[in-house]
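Below you'll find the structure, written out as structure tokens, and then a few comments.
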Amino acid sequence: MNFKVILNKSIMLLLGTSLAGVITANGQEKLTGFVDPLIGTGFHGHVFVGASVPFGAVQLGPTNLSEGWDWSSGYHISDSTIVGFQHTHLSGTGIGDLGDISFMPTTGPLKVTKGTIKDMQSGYVSLFSHEEESVRPGYYAVNLKRYQIGVKLTATERVGFHEYTFPKSDQAHVVIDLKEGIGWDQSTETSIRKVNETTISGYRHSKGWAKDQRIYFTAVFSKPIKNFSVYDSLLLKSGTALTSKKVKGVISFHTSAGEKVLVKVGISPISEENAAQNIKAEIPGWDFNEVVMAADQSWNKELQKVQIETGDATQKKIFYTALYHTMIAPSIFNDHNGDYLGTDKKVYKNPGFINYTTFSLWDTYRSLNPLFTLIQPEKVGDIVNSMLAIYQQQGKLPVWHLMGNETNTMPGNSAVPVVADAYLKGFKGFDADLAFEAVKATNLADQRGLKYVKELGYIPADSMIESVAMGLEYSIADWGIAAMARKMGKTADEALFNKRAENYKNYFDQETKFMRGRLSADKWRSP
């Protein structure tokens with residue numbers, strides 16, 4: 001399904017076209033050339049910078065030493081520090097998390113902590129210049145000034161691929177830091193072990209925005225691992241395996257000038273073994289450039305779904321960068337064999353759909369999810385099935401779901417209009433009866449102010465924060481349920497939810513002409 005967008009200065013007209021004849025197999029403009037992933041990295045943009053493929057589980061990119069709200073994704077254009085290259089990042093969020101499985105190549109005396117802004121030499125942090133940085137869809141490259149190590153990154157859906165170009169050194173290292181994360185994230189249990197002369201594996205469990213996050217990894221090196229050491233925070237331990245709260249692993253070797261060391265890192269929500277299988281399935285060889293090209297082709301295929309006609313290259317850059325950003329999340333949350341970790345922390349095998357996570361639904365239900373019904377129709381069923389599975393595992397549809405965890409962030413039940421929209425537009429591939437059961441049960445629960453909605457028709461302003469926003473979102477969701485009920489012939493449910501949908505009127509003050517917090521049937525919150 002394809003659409004053509006005609007841009008005329010600031011006016012954009014979306015014209016529906018026939019399903020055939022717009023996109024041809026050959027002769028199309030390479031649209032990835034118009035994507036600038038650095039757009040949104042300044043001010044409060046919070047976007048991810050690094051290598052990924054559309055909707056991939058891996059978002060492999062750099063993380064700065066600085067911390068704070070504007071580093072929710074780990075990266076800000078104002079920064080010139082790098083503490084490692086992590087395999088998971090959020091994009092565009094207002095809360096920081098993830099930053100899992102950090103790899104940092106270094107040379108010289110070994111450091112196993114990241115360092116501080118006041119004393120960078122105390123850790124492994126390196127400065128970099130944006131002039132020595134290159135980023136495009138599916139590819140990231142930078143020079144680490146402190147070590148003169150060239151880093152190139154690319155990715156498949158579940159595997160990050162690193163290429164490090166070292167200088168001549170008898171003290172070359174790759175530090176795998178399982179302690180460090182982004183934002184609220186804190187490790188709770190970490191583990192690492194040497195599997196054989198080329199392979200390291202382990203896991204990282206953490207708490208943060210996602211209260212119980214679990215990620216497993218396997219890393220395969222192109223250069224034999226002759227020296228591997230393990231640290232419990234700063235303390236060197238004996239052996240080549242360790243499980244603790246703040247584990248680090250260090251691979252050390254000699255390198256010649258310009259020597260390239262490649263690393264393939266598979267991640268999994270299930271096991272180290274599944275992570276290894278993900279590598280075998282997605283990057284069986286060692287041709288880095290081939291994987292870069294495949295990632296570019298994957299992005300170009302998705303971007304071709306919407307073509308714009310304009311002679312303004314800046315408009316094209318803005319448009320296709322925005323379209324690129326629509327495909328960072330939701331992200332795949334299963335292994336190549338289909339296994340995924342449920343909200344209930346049970347392993348589900350062969351579920352019959354691609355499982356997704358990173359559902360930022362209050363932010364996406366109004367425009368991004370409806371856009372998916374136009375340009376990602378093949379994914380709508382999987383997204384809905386992922387939500388219905390979450391309903392079955394936690395008793396309600398997702399609010400803001402992250403890595404198998406419900407964060408309950410933002411007002412309302414914004415999955416309800418997403419599911420209703422898919423059903424009302426005639427999408428198949430999911431159980432419609434289960435979908436209605438899920439939306440109905442979710443909005444008839446007693447959580448997050450819904451008890452007051454049932455009892456009073458509004459949420460008292462002194463009962464919770466964001467009572468008005470919460471109530472208005474519930475009315476929107478109720479209308480969607482009523483529309484589903486009408487199409488399904490459920491007259492009693494249609495009447496119930498149509499009545500509830502009109503609860504928005506209870507927040508409208510006729511005198512001020514604003515929505516306001518209500519304390520009782522005849523009293524507004526003041527001021």
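Points to keep in mind about this one:
- Some residue of the range 334-348 being open to solvent by less than 10 Å² (accessible area, probe 1.4 Å) and among the charged types (D, E, K, R): yes
- Only listed residue being touching a His at 6+ places or on another chain (Cβ under 9 Å) and either aromatic (Phe, Trp, Tyr) or touching a residue at least 12 places away in the same chain (Cβ under 8 Å) (or both), chosen from 260, 264, 248: 264
- Within the range 364-384, being more than 12 Å from residue 330 (Cα to Cα) and open to solvent by 30 Å² or more (accessible area, probe 1.4 Å) holds for 366, 367, 370, 371, 374, 377, 378.
- Scan of the range 484-521 for residues that are among the charged types (D, E, K, R), in a helix (DSSP H, G or I) and open to solvent by less than 40 Å² (accessible area, probe 1.4 Å), ordered by number: 493, 500
- Counting only strands (runs of 3 or more DSSP E) that fall entirely inside the range 219-330 and contain at least 3 residues that are under 27 Å from the mean Cα position of the chain (by Cα) and modelled with pLDDT of 95 or more, the qualifying elements are 247-255, 259-268.
Every residue, every condition in (1) touching an Asp or Glu at 6+ places or on another chain (Cβ under 6 Å); (2) modelled with pLDDT under 95, yes or no:
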{"residue": "118", "(1), (2)": "no, yes"}
{"residue": "140", "(1), (2)": "no, no"}
{"residue": "151", "(1), (2)": "no, no"}
{"residue": "157", "(1), (2)": "no, no"}
{"residue": "175", "(1), (2)": "no, no"}
{"residue": "186", "(1), (2)": "no, no"}
{"residue": "202", "(1), (2)": "no, no"}
{"residue": "207", "(1), (2)": "no, no"}
{"residue": "215", "(1), (2)": "yes, no"}
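- Residues of the range 287-303 that turn out to be of a type in the set (A, V, I, L, M, F, W, C) and either without any contact (Cβ under 8 Å) to a residue 24 or more places away in the chain or open to solvent by 20 Å² or more (accessible area, probe 1.4 Å) (or both), as a count: 2
- Within the range 446-456, the set of residues being surrounded by 16 or more Cβ atoms within 10 Å (Cβ to Cβ) and within 22 Å of residue 420 (Cα to Cα) comprises 448, 449, 450, 453.
- Verdict on residue 481 being part of a loop (DSSP other than H, G, I, E, B), hydrophobic (A, V, I, L, M, F, W, C) and either open to solvent by 10 Å² or more (accessible area, probe 1.4 Å) or at pLDDT 95 or above (or both): no
- Cross-chain or 6+ apart pairs with Cβ under 7 Å, the range 212-240 first and in contact (Cβ under 8 Å) with a residue 12 or more places away in the chain and under 20 Å from residue 113 (Cβ atoms), then among the β-branched types (Val, Ile, Thr) and open to solvent by 40 Å² or more (accessible area, probe 1.4 Å): 228/240; 230/240; 234/113
- Single residue of 243, 255, 218 found to be polar (S, T, N, Q) and over 30 Å from residue 72 (Cβ atoms): 255
- Evaluating residue 134 against the criteria (1) hydroxyl-bearing (Ser, Thr, Tyr); (2) open to solvent by 30 Å² or more (accessible area, probe 1.4 Å); (3) in contact with a Gly (Cβ under 6 Å, 6 or more places away or on another chain); (4) modelled with pLDDT of 95 or more leaves one unmet condition, (3).
- Boolean, residue 67 is under 29 Å from residue 123 (Cα atoms) and modelled with pLDDT under 95: yes
- Residue count, the range 148-161 (criterion: in a strand (DSSP E or B) and surrounded by 24 or more Cβ atoms within 10 Å (Cβ to Cβ)): 6
- When the range 457-478 is limited to residues that are of a type in the set (Asp, Glu) and under 32 Å from the mean Cα position of the chain (by Cα), the one that is surrounded by the most Cβ atoms within 10 Å (Cβ to Cβ) turns out to be 478.
- For residue 75, the criteria (1) among the aromatic types (Phe, Trp, Tyr); (2) on the phi < 0 side of the Ramachandran plot; (3) touching a residue at least 60 places away in the same chain (Cβ under 8 Å) hold in every case but one, which is (3).
The values are calculated or read from the model by the stated rules, or taken from the named source; none is laboratory data. It should be emphasised that the depicted structure is a prediction, and the values quoted were computed from it without experimental measurement. No Cβ is skipped: glycine too gets one built from the backbone with ideal geometry, and neighbour counts run over all protein chains shown. Surface accessibility is based on the protein's heavy atoms, side chains included, excluding ligands, DNA and RNA. Shrake-Rupley method; radii C 1.70, N 1.55, O 1.52, S 1.80 Å.
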